[in-house]
1. Can you compute the modelled spin-label distance between Lys12 and Ala96, with each label point 7 Å from Cα toward Cβ, in nm?
2. Hey, what do the phi angles of the range 92-106 turn into as Karplus ³J(HN,Hα) couplings, whole Hz, using 6.51/-1.76/1.60 and θ = phi - 60°, x for Gly and Pro?
3. With a probe of 1.4 Å, find how much accessible area the chain has per residue, and write the answer as a whole number in Å².
4. Going through the range 134-220, which trypsin sites (Lys or Arg not before Pro) have at most 12 other Cβ atoms within 10 Å and a DSSP loop state?
5. Using +1 on the beta carbon of Lys and Arg, -1 on that of Asp and Glu, and nothing else charged, what's the dipole of the range 1-133 about the Cα centre, debye to 20?
6. For Lys79, give me every one of the aspartates and glutamates with a C-alpha distance below 16 angstrom, ignoring sequence neighbours fewer than eight places off in its own chain.
7. Lys and Arg at +1, Asp and Glu at -1: add these up for the other residues within a Cβ distance under 15 Å of Leu172 and post the number.
8. When we measure straight from the Cα of Lys9, which lysines land under 16 angstrom away, once same-chain ones fewer than 8 places off are left out?
Amino acid sequence: MLSLASISKSYKNNNVVTDVFKDVSLSVAAGASLAVTGPSGCGKSTLLHIAGLLMRPDEGEVLIEGKALEGASDAARTKIRKEKLGFIYQFHHLLADMTAKENVMIPLLLNGKSRAKAAGEAQASLENVGLRERSHHYPAQLSGGECQRVAIARALVHRPKLIIADEPTGNLDPETAAAISHLLFEQCRQYQAALLMVTHNMQLAAMADASFAMVASRNA
């Protein structure tokens with residue numbers, strides 16, 4: 001579903017080039033999960049940004065469903081993000097003035113669904129994560145774990161091919177983190193979505209089908 005083929009990334013500041021990573025390759029199949037671990041500053045988030053088509057590598061290729069995207073326009077990459085990708089972050093990033101259901105409807109509306117269809121599918125997605133009775137609550141009325149469940153429902157509501165998760169349990173207490181972890185893996189398997197996840201939580205990483213360890217760049 002996702003392949004990164006020999007990708008490299010560096011930044012230039014005042015004529016000083018800093019390599020973030022070099023010649024990284026990995027792949028994740030449909031319904032499978034890959035956890036990326038490593039110390040802060042080793043390039044994990046940059047790797048996710050490239051995999052999520054939010055950033056381009058300096059070298060190498062990103063392939064979604066076997067299609068290389070090196071020459072894809074920004075508009076084409078945006079279309080793929082809207083239709084095929086879902087994003088989950090450490091902080092839920094829910095819109096405070098929208099209910100849980102309205103937050104989950106956003107990806108569907110962006111993809112052209114009518115409000116009526118979007119509302120029905122959003123409600124079903126919330127029920128899948130155990131929030132049947134909380135759909136009309138605002139983020140301020142929900143616990144941290146409930147907000148992250150809404151974020152998972154939002155990421156999966158349009159049946160994406162790939163889920164990009166950046167520290168999805170990093171802002172939760174251990175008990176809630178464990179429950180959210182199981183829910184995330186279960187939902188991705190149910191919908192056969194590939195999961196690429198960055199985490200410092202080694203217990204969460206151990207739940208993934210495979211793991212990929214990054215180390216800090218020597219010239220970082």
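1. Here the modelled spin labels are 4.1 nm apart.
2. 5, 6, 7, 7, 5, 8, 10, 5, 4, 4, 5, 4, 6, 5, 3
3. Working: 10750 Å² over 220 residues.
Computed with neighbouring chains in place, this is 49 Å² per residue.
4. Hits after loop and neighbour filter: Arg218.
5. 240 debye
6. Partners found: Glu65, Glu70.
7. Neighbour charge sum, excluding Leu172 itself: -4.
8. Within the straight-line limit of under 16 Å, Lys9 reaches these lysines: Lys22, Lys44.
The values are calculated or read from the model by the stated rules, or taken from the named source; none is laboratory data. Because the structure is predicted, anything quoted here is derived from the model rather than measured. A quick note on method: Cβ atoms are made from the backbone with ideal geometry, for glycine too, and the neighbour counts reach across all protein chains shown. Quick note on the areas: whole protein, heavy atoms, side chains included, nothing else; ligands and nucleic acids left out. Shrake-Rupley method; radii C 1.70, N 1.55, O 1.52, S 1.80 Å.
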